[in-house]
Structure formats: structure tokens, C-alpha cells
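Quick notes on the structure that follows.
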Amino acid sequence: MTTRKLDTLQALELAEGVEIRLRVAGPMLRAGAYALDFGIRLVVMIAASLVLALSGIALGDRVARGMLLLAVFLLEWFYPMLFEAGKRGATPGKRAFGLRVVQVTGSPLTFGQAFVRNLMRWVDGMPWFTYGFGLASCLATRRFQRLGDLAAGTVVIYDRPPVMPLPATPPPIAPVPLPVGLTADETRALVLFRERAGLWSAPRREEIADQASALSGASGATGASRLMAMAHWVQVRKQAAAIPNRNHARSNNK
Amino acid sequence: MTVGDFEHKNQPRWSEYERLVEGMEKGKPGAEAGQLPRRFRELCVDLSLAEYRMYGERLTEQLNAQVIRGYEMLYRNRRGGWLMAAEFVLAGFPQAVRREWRLFGLCNAVFWLPFFAVMLSATYDIQWVQAILGADGMAAMDQMYGGKEDQIAHLRSEYGSNFMMFCHYIRNNVGIDFRTFAGGMAAGLGSLFFLFFNGLFMGAAAGYVNHACNPESFWTFVSGHSSLELLGMAVAGMAGMRLGLALLSPGRLPRVRALAEAARLALPLILGAALMTTLAAVVEGFWSAQLLPSALKYGVGLGGWICHIAYFTLAGRRVTYAP
């Protein structure tokens, strides 16, 4: 029995039988997107009031004032709703920050979900427009969902995942076989360690490798290089098992 | 098969897939867009293989992003339009209200009991009404309904004021509906508060007018839009209570799941409530302040109530509606 991990990567299985990973976005970034959206709305509001003030001469003062009220209402409630229900699944602010809103199943939002999620914004924004409730809810849930997200069944994710810096891969090492069998997650962690090794300084690398000294049977620099050798062994073995031009759909099970 | 081999072998398919998805995203699917589902499934297999063979994070991230892109396009919701709106009005909405008839009773009781209690209290003791309205509220009521002649119609005589008031009512009243719904998140207390508060306040206004102003100018003004507006508010309260009850007694579901389910059930209610309140604003803006015989205005108001009862009890009875 494993404990639930604290992870912004949310694995989901699709009907197509494949597992995809969604990167859930945290409150900091979403606050930035909100601030940008707020600015956009403010600018639109100012522009609308200028235009209506001018056209008020032709339309009549009261008609112009009425239209301004209507514009306030629409911007207040429907601005995020219509953008999120649209094709991009994101308000302009969210798009600028590389975010989008999707269902927890990973599929695009329906109009109803966008509607519910944004009506709840009023509750999330309390107390006094600080988004205190929304923040508390984000921090209390595994997928950073504010109350509106919980009610609508939605999450905010990174639209395009950030590009990983590609460190120079360490030179090929003589593969060292794994002493024991590892779970899929553990193997993945091992391979990721090798891939990212170039990002860290040597002492940091050893510090991380020391966490797995039970596996490598050594600590310090020796442990780190042995872990990488083991990761190399895993990759070589997995990839050698794949014969080119075979039916890919039926790869052998683990 | 190394990463390089794998990428080299599959690159043509991946570029083809990317081209198709891009066409879909730009809203200009090419002639061979029908190929997309197949290419998508192939890409899914490639992603599983890359994960299994540990081809490294760079490749899996890249394939993962491409699969998500295609998924978003293939599972996009394309329904909508006038047909759905008509189905909703003719069947979906009244069915949803009937399904929640207990909440309909509850929300109406929470509004009407304080309304009548306060309104009738004015005949015995005006102090309750005075306490609720306050000096400003009473002054406003005097200004609108104080005199013998129809002051509202005079206030509206300036060009464009009907339209302005219509916009004001939309913003104010539909906003209240939305808040009533969202307030359900506080275990239903927010919804109950708005219903109760509006019941008290409107009851006080009616009681004050009956006591101190010209009741006819008040009742002829409110009768036209009363059914749309007050029932709309009650329905918004129902939507909020649906959420609140899901949090209070989630049944066999986890609370968060129960909340999401309840939001799905509440959606037609709040949409319908917003629609009713918008219509109420149209009536209130363009009809209610017209200078017309009182009997006609009372008749229209009564007709509105009868239509609503018929609509909620009869509409969409024989239709199976799946939102």
C-alpha cells in the first residue's frame, strides 16, 4: 500500500488505453492569470465607457448608461465563462500564462461546467475579494481545485508543458544489472535520475543518490555512478526487447 | 530499438498527425481529417511504448503533449444551438423543477412566510416594517409610491429610462440569482439567507406601501413581473439548496463527488432561473411602468401566475429529455 503522493503530475487513463499525464497548475500562476484578466476587463470597461459617453450624445444619456450597466454585468459574470467554454478552454489571461481549464477526466469543458465554475467564483473570491476561500480549497485538494472547480469537476492545467532543459547526457557506462526487481514507478525514478543528472552539481547528485544507497550498495560518487549504470542497464534491456517492425500494439507485458 | 531509431521510424506519422490536429485547432480541417482518430490511436500506442521502453522524458513529454492536444480536439463538445435551447425551455427546465418539488416548496416557504408575516404585521404594528426598511428605504418608497398619481410612470417619462432600468434590473436581479446559487456552497445557508432576506424586505416594502402610500400604484407596478421574478428567485434558491444538501448529506458518495453530481442537477435550475429573471427585467423595464388601466395590469399579473403554474406542472410531461 503506497501513500498518496504529492505530485502536480496527474496520471489519467484514456479510453484508448494509454496513460496521459496532466500538469496541474498551482495558485500562484492562476493568480497571475487572474490579475491579467482583471486588467483586460478594466481596459475594456474604460474603453466602453468612453465610447458610450461619446455615443450618449446620439443615443441619449440614459440609453448609454443602461448599456454600460449591461456591459458591467456581462464582464462581471460572463467574461471567463464564455472564453473557457470556447475552443481554447482558457481566458486570455490564462492563455498568456499557458494555462487551460479541462474536466478532471482531461477532456474539454462543457458550457455547463464553465457556467458553474464561474458562478462559484463569487464564493471563492470571499472574504472581501481576496480569494481566501479559493486559495484554502486549492491548498486542501490534491489537484489545486478551488470550490468552483470541485463543483464543476474541472482542473486548471498547463496547456503546453514547460520545455525541459536538456543537459548533456553522461557518457555511456558499462551497464550494471539491478540486484532486485523494482516497481514501475521506482524504475521510472531511476531512469529520470540518470536523465537529469546533468542538471545538478556533483555533491547534489551524490546527496540524491544516497537516498537509494540500499539499492546501489554504495554511497557518494560511487553510489551515484552505479545508479546511473543501473538505469542504463534498464534502458538497454527494455529497448533491446523491442524488435523493429513488429506489431507495436502487442508489446509484451511487464 | 534505441530512441533515435524509434523517432526516426515514426516521425513521418507524427508529423502527419500534427498537421491534422493543427488543422482542427485552426477550425480548418483538411480533406483527410477523417484520418485523425486512427492517427490518434497510433500515437497513443507510441506513447505507451515510449513509456514502457523508458525512452526518456524528452520523448514521452513530447508525445504526451501531442496526445492531449488530439484528445482535446476529438472529444470536443459540438452540441448547442437553438434546438437545444428550445428543448431546454419546453422540457428540460420544467422537468428539473418538478424533480425537485420538495425544494420548490421549501424555497417558496422560506421566501413567502416572512413576506406575508412582515406585510401583515404592518396592520397591527408598523414598527417592524419601519425597522426593516429604515429611514432611507421609507423615503424611497414615499418618492415612488407616495402620491395619488402614478409617479413611476413620470419617473420613466424621460427618453431611454425604460431601457436603463431594464439593464439595471438585469444586472442587479440576475446577479442576485447567481449569488443565491453560489451561496448554496455554505451548506445551503447562503441561499436560505438571500431568500429569507428578500422575503423580509419585500414584505416590509409592501406593508409600508399599504400603510402609508398609494397601494394601487405599487401593486399595479409589481403585478406584471411578480411571477417571473419571484419564482425565478425561488428556483435559484433551489439550485443553491441542491448544492448545500449534497454537502450536508452526501449519501453514499464522497462529499466532493456528491457536490459535482448536485451541480449537474442544479445546472438546469440556475440556467432557468437566470432566464426567468431576465424576462422579468424585460417586463419590469418596458411594461410595468406603462400608464394603463389597473384592471389590465392586474389581469396580466394574474395571467403570469397561472401560466407559471401550468408551465411547471404540465410542460414537457411526455418528453424524455437528456441534457
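Here are the numbers for this structure:
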| item | result |
| --- | --- |
| Residue list for the stretch A:93-139, filter: open to solvent by 20 Å² or more (accessible area, probe 1.4 Å), farther than 22 Å from residue A:19 by Cα and in contact with a Ser or Thr (Cβ under 8 Å, 6 or more places away or on another chain) | A:113 |
| Test: residue in the stretch B:91-110 that is within 29 Å of residue B:5 (Cβ to Cβ), open to solvent by 10 Å² or more (accessible area, probe 1.4 Å) and basic (Lys, Arg) | no |
| Conditions (1) touching a residue at least 40 places away in the same chain (Cβ under 8 Å); (2) away from every other protein chain (no Cβ under 11 Å): number failed by residue B:32 | (1) |
| Residue match in the stretch B:235-249 (condition: surrounded by 15 or more Cβ atoms within 10 Å (Cβ to Cβ), closer than 17 Å to residue B:173 by Cα and more than 22 Å from the chain's Cα centre (by Cα)) | no |
| Flag for residue B:318 being under 30 Å from residue A:111 (Cα atoms), of a type outside the set (Val, Ile, Thr) and without any contact (Cβ under 8 Å) to a residue 24 or more places away in the chain | yes |
| Residues of the stretch A:90-115 satisfying the condition of being within 8 Å of another protein chain (Cβ to nearest Cβ) and under 26 Å from residue A:46 (Cα atoms) | A:115 |
| Helices (runs of 4 or more DSSP H) within the stretch B:18-97 that include 1 or more residues over 30 Å from residue B:262 (Cα atoms) | B:36-52, B:57-74 |
| Test: residue in the stretch A:122-138 that is within 11 Å of chain B (Cβ to nearest Cβ), among the polar types (S, T, N, Q) and under 30 Å from residue B:88 (Cα atoms) | no |
| Whichever residue in the stretch A:141-163 is assigned to a loop (DSSP other than H, G, I, E, B) and either open to solvent by 70 Å² or more (accessible area, probe 1.4 Å) or among the acidic types (Asp, Glu) (or both) and, among such residues, is modelled with the lowest pLDDT | A:162 |
| Residues (touching a residue at least 12 places away in the same chain (Cβ under 8 Å) and within 13 Å of chain A (Cβ to nearest Cβ)) located in the stretch B:1-17 | B:1, B:3, B:6, B:7, B:10, B:13 |
| Filter pass, residue B:303 being farther than 23 Å from residue A:111 by Cβ and in contact with a Cys (Cβ under 9 Å, 6 or more places away or on another chain) | no |
| Helices (runs of 4 or more DSSP H) within the stretch B:157-227 that include 3 or more residues in the same structural domain as residue B:133 (by TED's automatic domain parsing), open to solvent by 40 Å² or more (accessible area, probe 1.4 Å) and not β-branched (Val, Ile, Thr) | B:161-169, B:189-212 |
| Options B:47, B:20, B:59, B:43; residue that is under 19 Å from residue A:160 (Cβ atoms) and under 39 Å from the mean Cα position of the chain (by Cα) | B:20 |
| Selected residue (criterion: surrounded by the fewest Cβ atoms within 10 Å (Cβ to Cβ)) from residues of the stretch B:264-317 that are basic (Lys, Arg) and over 13 Å from residue B:98 (Cβ atoms) | B:264 |
| Sole residue being basic (Lys, Arg), within 7 Å of chain B (Cβ to nearest Cβ), under 30 Å from residue A:183 (Cβ atoms) and surrounded by 14 or more Cβ atoms within 10 Å (Cβ to Cβ), chosen from A:65, A:21 | A:21 |
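To keep it simple, each residue is scored yes or no on (1) more than 29 Å from residue B:246 (Cα to Cα); (2) more than 9 Å from chain A (Cβ to nearest Cβ); (3) modelled with pLDDT under 85; (4) more than 31 Å from the chain's Cα centre (by Cα).
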{"position": "B:138", "(1), (2), (3), (4)": "yes, yes, yes, yes"}
{"position": "B:147", "(1), (2), (3), (4)": "yes, yes, yes, yes"}
{"position": "B:157", "(1), (2), (3), (4)": "yes, yes, yes, yes"}
{"position": "B:160", "(1), (2), (3), (4)": "yes, no, yes, no"}
{"position": "B:163", "(1), (2), (3), (4)": "yes, no, yes, no"}
{"position": "B:173", "(1), (2), (3), (4)": "no, yes, no, no"}
{"position": "B:180", "(1), (2), (3), (4)": "no, yes, no, no"}
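The values are calculated or read from the model by the stated rules, or taken from the named source; none is laboratory data. In this text, all values refer to a predicted model and were calculated from it rather than measured experimentally. Cβ sites come from the backbone with ideal geometry, for glycine too, and all protein chains shown count toward neighbours. Ligands, DNA and RNA are excluded from the accessible area calculation, which covers all protein heavy atoms including side chains. Shrake-Rupley method; radii C 1.70, N 1.55, O 1.52, S 1.80 Å.
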